[in-house]
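Since the structure comes first, as structure tokens, the remarks are kept for the end.
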Amino acid sequence: MQIVSIPCRADNYAYLLICDKTQRAVVVDPSEAEPVLKTIDTHGVKLVGIWNTHHHYDHVGGNKEVLERVPEAQVIAHESDRGRVPGQNVFVSDGEHIDAGGELQAQVIFNPGHTSGAISFYMPAQQAVFTGDTLFASGCGRLFEGTPQQMFASLTALTSLPADTRIYCGHEYTLSNLRFAAVVEPKNTEIQERAQAVQALRDAGEPSMGFRVAEERATNIFVRVGEPGVMAAARAEGAEDDSPVAVFAALRRWKDRF
Ligand code: ZN
Ligand code: FE
């Protein structure tokens, strides 16, 4: 399977997943139609599905126009997003298997927190997961419709996937996330090394996507809440105690005003 990152809007990514055996494809989060349709044409593939991680406009903004081109496409989002995802015709829940033919097989991971209906698309055979605005590289989405408990559980589930799983998220926020992480955990040299590596990628015009679960465990302060340094930093920013959710909640509030 080929994964093509498609830059959209200011800092979004849509992803075109192409099955090498069938030349069929699905698109994850077409935030706008034009760059997505262009990529489909360039690769000469047949689009069979739109997979939406959540209902926000910068993830579903291209649904309608893409559907005008391929009205028969399946539009998949969480069952609770009924009514807020344009064109949705498949309503999935946690653990459900999605079969779009050939290599386009995914498992739904329900991960509320950023929104109440947020899901990730996990493709075990491809060692890839598409996390929308839940898990970012060295970061996580804001809590618009969920609680710290929910988001922390969601991030824990995603970073519990096999260490070599490649992560593709909804926004290119990696460098600014790493800047915050370096303030929270200044002694973590892996954060600094990752920041250098990502800076080099960005300077070369490359996306920072396709990073590994192992890197998140090492550099994502939002799941490193058991580290003494992270707990101390969170305490200094108002965490009520050292429990994982209290530390997470304090870090998230801190990042909101960082
Ligand atoms: Zn969002
Ligand atoms: Fe977004």
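Values quoted throughout were computed directly from the atomic coordinates according to the rules given, and no laboratory measurement underlies them. None of these values were measured; they are calculated from a predicted model. As a convention, Cβ positions derive from the backbone with ideal geometry for all residues, glycine included, and neighbour counts pool all protein chains shown.
Sort out which residues of the stretch 11-32 are assigned to a loop (DSSP other than H, G, I, E, B) and within 13 Å of ligand 1 (Cβ to nearest atom), and write them in order of number.
Residues of the stretch 11-32 that are assigned to a loop (DSSP other than H, G, I, E, B), as a first pass: 11, 19-23, 29-32.
Result: Asp11, Asp29, Ser31.
Take the conditions (1) within 16 Å of ligand 1 (Cβ to nearest atom); (2) in contact with a helix residue (DSSP H, G or I) (Cβ under 7 Å, 6 or more places away or on another chain); (3) under 22 Å from Lys46 (Cα atoms); Asn111 misses just one of them, which is (3).
Picking from Gly132, Gly87, Gly61, Gly83, which residue would you name as being within 16 Å of ligand 1 (Cβ to nearest atom) and surrounded by fewer than 23 Cβ atoms within 10 Å (Cβ to Cβ)?
Details: Gly132 fails: surrounded by fewer than 23 Cβ atoms within 10 Å (Cβ to Cβ); Gly87 fails: within 16 Å of ligand 1 (Cβ to nearest atom); Gly83 fails: within 16 Å of ligand 1 (Cβ to nearest atom).
It is Gly61.
Does the stretch 6-27 contain at least one residue that is touching a Pro at 6+ places or on another chain (Cβ under 8 Å) and closer than 17 Å to Gln105 by Cβ? No - not one qualifying residue is present in the stretch 6-27.
Can you confirm whether Pro162 is in contact with a helix residue (DSSP H, G or I) (Cβ under 8 Å, 6 or more places away or on another chain) and exposed (fewer than 14 other Cβ atoms within 10 Å of the Cβ)? Spelling it out, Pro162 is indeed in contact with a helix residue (DSSP H, G or I) (Cβ under 8 Å, 6 or more places away or on another chain) and exposed (fewer than 14 other Cβ atoms within 10 Å of the Cβ).
Please work out if Ser154 is surrounded by fewer than 24 Cβ atoms within 10 Å (Cβ to Cβ), within 16 Å of ligand 1 (Cβ to nearest atom), within 19 Å of Gly95 (Cβ to Cβ) and of a type in the set (Gly, Ala, Ser). Write out each step before concluding.
Values: surrounded by fewer than 24 Cβ atoms within 10 Å (Cβ to Cβ): no; within 16 Å of ligand 1 (Cβ to nearest atom): yes; within 19 Å of Gly95 (Cβ to Cβ): yes; of a type in the set (Gly, Ala, Ser): yes.
Considered against the rule, which asks whether it is surrounded by fewer than 24 Cβ atoms within 10 Å (Cβ to Cβ), within 16 Å of ligand 1 (Cβ to nearest atom), within 19 Å of Gly95 (Cβ to Cβ) and of a type in the set (Gly, Ala, Ser), Ser154 comes out as no.
For the stretch 33-58, filtered to residues that are part of a strand (DSSP E or B) and without any contact (Cβ under 8 Å) to a residue 60 or more places away in the chain, the residue that is farthest from ligand 1 (Cβ to nearest atom) is Lys46. Taking first residues from the stretch 182-207 that are without any contact (Cβ under 8 Å) to a residue 24 or more places away in the chain and partners that are surrounded by 12 or more Cβ atoms within 10 Å (Cβ to Cβ) and of a type in the set (Val, Ile, Thr), the Cβ contacts under 8 Å between residues at least 6 apart in sequence or on separate chains come to Ala182/Ile191. Only residues that are part of a strand (DSSP E or B) and within 12 Å of ligand 1 (Cβ to nearest atom) were counted across the stretch 135-147, and they come to 2.
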